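Asker: If you scroll down you'll find the structure; I have some questions about it.
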Amino acid sequence: MRNLSILMHLLSFVKYRFDIRAQNEAGYGAYTSPPLDVTPFTAPTVPLNFSVVAGDTSAVLSWEAPTNTGGSDLTAYLVSYIDELNNTDTQELATSALTYTFSALTNGRRYTFNVQSRTAQGDSPPSPDQVSIPFSNPFVSSVSVVGGDTLRASIQLNGRKLLKLHGLALDADPSPSEVIFKEQEVTSEAYTGTVSHDMEFSGLSGDIAKSLFFVIGDDGGFSNIVSSGL
């Protein structure tokens, strides 16, 4: 006949020694030999100091080991993300890894990252979410002349809001006063997708024949320069 007794409220990762003996009407029997040494366990705690640094189509995750492994050795770390379109990815890493880079991400898309500890007893809760947006410098894909005196630019934002537009315009036979350089602030809060911006140049005696155009993102990054006729 097997008897079962459950002891509650023991501390994880603390070794306990148990001795057992039976009792009947005649008294107590001998203790078990040898005594039984047991260390209670739980799932590990969350990795510490989790951080994410976004880059160009990438995000670098870093963390530190948990303070408590729950009485068992760590077997892995799990790093994962979910993006704003509900795409997900999870990677299982060796316990020696305290950093990981997710690559092939989409610039301008919002990603939510977390990390967990794993032992043979289970996984820790997820770390507090870290939200990050991969980015690169804005890219001017095309510039055209509209109405003779306006440059219209198509710009890929690549995860950064625009700060300023810069343009240079000349007509076919400019005088010194008709070489016009213009700086134009951008108030739009958009940071994803492709946008169109117009820059008007007054004071030219003819239509714009030569131009130069570039933009600056809100982090100070410069786009490519698009020129025509220069």
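Rule-based calculations on the coordinates, nothing more; no lab input. Note that the coordinates shown come from a computational prediction; the quantities given were computed from them, not determined experimentally. No Cβ is skipped: glycine too gets one built from the backbone with ideal geometry, and neighbour counts run over all protein chains shown.
Asker: Apply the Kirkwood formula to segment 139-228: the hydrodynamic radius equals the inverse of the mean of 1/r over all pairs of different alpha-carbon atoms; give it in Å with one decimal.
Answerer: 13.2 Å
Asker: Then there is this: Which number comes out as Rg/Rh for segment 15-74 once both Rg and the Kirkwood Rh are worked out on C-alpha atoms? List each step's numbers first, then the result.
Answerer: Working: Rg = 23.5 Å, Rh = 16.1 Å.
My calculation of the ratio gives 1.46.
Asker: Charges on Cβ only, +1 for Lys and Arg, -1 for Asp and Glu, centred on the Cα centroid of the chain; of 222, 102, 50, which one is farthest towards the dipole's positive end?
Answerer: Positive-end residue among those listed: 50.
Asker: For residue 55, enumerate residues with amide H under 5 Å from its amide H, sequence gap 5+ or separate chain, H modeled in the peptide plane.
Answerer: HN-HN under 5 Å from residue 55: 60, 135.
Asker: Let me ask another. Just add up the charged neighbours of residue 75: K/R +1, D/E -1, any other residue whose Cβ is under 12 Å from the Cβ of residue 75.
Answerer: Every neighbour counted, the sum reads -2.
Asker: What does the chain give for Rg and for Dmax, in Å, if only its C-alpha atoms count?
Answerer: 32.3, 121
Asker: Let me ask something else about it. Could you run the Karplus curve 6.51 cos²θ - 1.76 cosθ + 1.60 with θ = phi - 60° over segment 46-53 and give me ³J(HN,Hα) per residue in whole Hz, x for Gly and Pro?
Answerer: Per residue, the Karplus-derived 3J(HN,Hα) values read 6, x, 9, 6, 6, 9, 9, 10 Hz.
Asker: For the ranges 90-101, 18-29, what's the packing order if you count other beta-carbon atoms within 10 Å of each residue, average per peptide, and put the highest first?
Answerer: On the way: 90-101: 12.9, 18-29: 8.8.
Those peptides, ordered most packed to least, come out 90-101, 18-29.
Asker: Once phi is turned into θ = phi - 60°, what whole-Hz ³J(HN,Hα) does the Karplus curve with 6.51, -1.76 and 1.60 give for every residue of segment 90-103, x standing for Gly and Pro?
Answerer: 9, 10, 9, 10, 5, 5, 6, 7, 10, 7, 7, 10, 7, 10
Asker: Starting from the Cα of residue 210, draw a straight line to each of the lysines and keep only those under 20 Å, dropping any in the same chain fewer than 8 residues away.
Answerer: Counting by Cα, and skipping residues close in sequence, residue 210 has these lysines nearby: 182.
Asker: Around residue 72, which amide H atoms from residues at least 5 apart in sequence, or from another chain, sit under 5 Å from its own amide H, with H modelled in the peptide plane?
Answerer: Here the answer is 42, since their amide H atoms fall under 5 Å of that of residue 72.
Asker: Can you pull the semi-axes for segment 44-131, root of five times each eigenvalue of the Cα gyration tensor, sorted largest first, whole Å?
Answerer: Computed over segment 44-131, the values are 24, 12, 11 Å.
Asker: Identify, among 67, 88, 145, the residue whose Cα sits farthest towards the positive end of the charge dipole of the chain, taking +1 on the Cβ of Lys and Arg and -1 on the Cβ of Asp and Glu, with the dipole about the Cα centre.
Answerer: 67
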